[in-house]
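The values are calculated or read from the model by the stated rules, or taken from the named source; none is laboratory data. Nothing here was measured: the structure is a model prediction, and the numbers come from that model. Cβ placement follows ideal geometry from the backbone for every residue including glycine, while neighbour counts extend to all protein chains displayed.
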Amino acid sequence: MIELRVSMDDVLARYANQLAVLGEKRMKQALQRGLAHTGNKARTQVVRALTRQTGLKRGVIVRAVRFRKPSHNDLSYVMETRGGDISLKYFSPRETARGVSAAPRGKRQVFPGTFMKAGWWPGRVVKPSWNGQVFRRTGGTTETGMDEFEKMKSGVFIPEEMVRGATLAAWRQVAERDLIDRIGHEIGRMLPGD
């Protein structure tokens, strides 16, 4: 989870006189608007960075990351995600003779002994019920004499990736660069004219 909060000390240091003119209700409204605007900018940068960092498609990241905008009573912008080890299916897998080639974290590699299709080379066929998953044989056999296999995972966890590296840096950069100035902009819009 990444959270963006207003440091009232920083805001008061720059805008104490203007905030006194606004009053408490309008002050909270200015803070809320500034947080929402800056949080949306930061969210865009986080999605871009997380897409590059994980190697997942942008649509997968957008569906995985949830956000909560600030309200009058809760002046924080929160981005969060849940989930475990992501299946290799989401990293543009392609079956080769040596195994499946996929690109977790944006680096294409071959996973030896893995497969996506059934049958013998060269007449391998796609099984619709397998839903594009990547599998590896586990060595056992079922009661019907069929080989047992398991889905392959990538080792990429979105919650872990979101709070480190380029993704966290993108969030902090936008927050530190824009938040106080944006709050000042919102305060200026709410002040009575001369």
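Odds and ends about this structure:
- Residue count, region 52-63 (criterion: assigned to a helix (DSSP H, G or I) and free of Cβ contacts under 8 Å to residues at least 60 places away in the same chain): 5
Condition check ((1) of a type in the set (G, A, S); (2) farther than 30 Å from R5 by Cβ; (3) at pLDDT 95 or above) across all residues:
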residue: L75; (1), (2), (3): no, no, no
residue: R82; (1), (2), (3): no, no, no
residue: L88; (1), (2), (3): no, yes, yes
residue: E95; (1), (2), (3): no, yes, no
residue: S101; (1), (2), (3): yes, yes, yes
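- Residues in region 113-147 that are part of a strand (DSSP E or B) and either within 23 Å of G84 (Cα to Cα) or among the aliphatic types (A, V, I, L, M) (or both): T114, F115, A118, V125, V126, F135, R136, R137, T138.
- If you filter region 91-148 down to residues that are of a type in the set (S, T, N, Q) and under 29 Å from the mean Cα position of the chain (by Cα), you find that the one that is nearest to T54 (Cα to Cα) is S92.
- Number of positions in region 48-78 that are crowded, with 21+ Cβ neighbours inside 10 Å, over 8 Å from the mean Cα position of the chain (by Cα) and among the hydrophobic types (A, V, I, L, M, F, W, C): 2
- Residue that is modelled with the highest pLDDT [pool: residues in region 120-154 that are small (G, A, S) and loosely packed, with under 11 Cβ neighbours inside 10 Å]: S129
- Assessment of region 80-100 against the conditions (closer than 30 Å to K28 by Cα and either in contact with a Phe, Trp or Tyr (Cβ under 9 Å, 6 or more places away or on another chain) or among the hydrophobic types (A, V, I, L, M, F, W, C) (or both)) yields at least one matching residue.
- With respect to the conditions (1) modelled with pLDDT under 95; (2) assigned to a helix (DSSP H, G or I); (3) among the hydrophobic types (A, V, I, L, M, F, W, C), A49 lacks only one, and its number is (1).
- Apart from one condition, G83 fits all of (1) under 15 Å from V156 (Cβ atoms); (2) in contact with a strand residue (DSSP E or B) (Cβ under 8 Å, 6 or more places away or on another chain); the exception is (2).
- Positions within region 157-194 being part of a loop (DSSP other than H, G, I, E, B) and free of Cβ contacts under 8 Å to residues at least 12 places away in the same chain, in sequence order: R164, G193, D194
- Considering region 64-73, the residues that are touching a strand residue (DSSP E or B) at 6+ places or on another chain (Cβ under 8 Å) and in a loop (DSSP other than H, G, I, E, B) include one that is nearest to K28 (Cα to Cα), namely P70.
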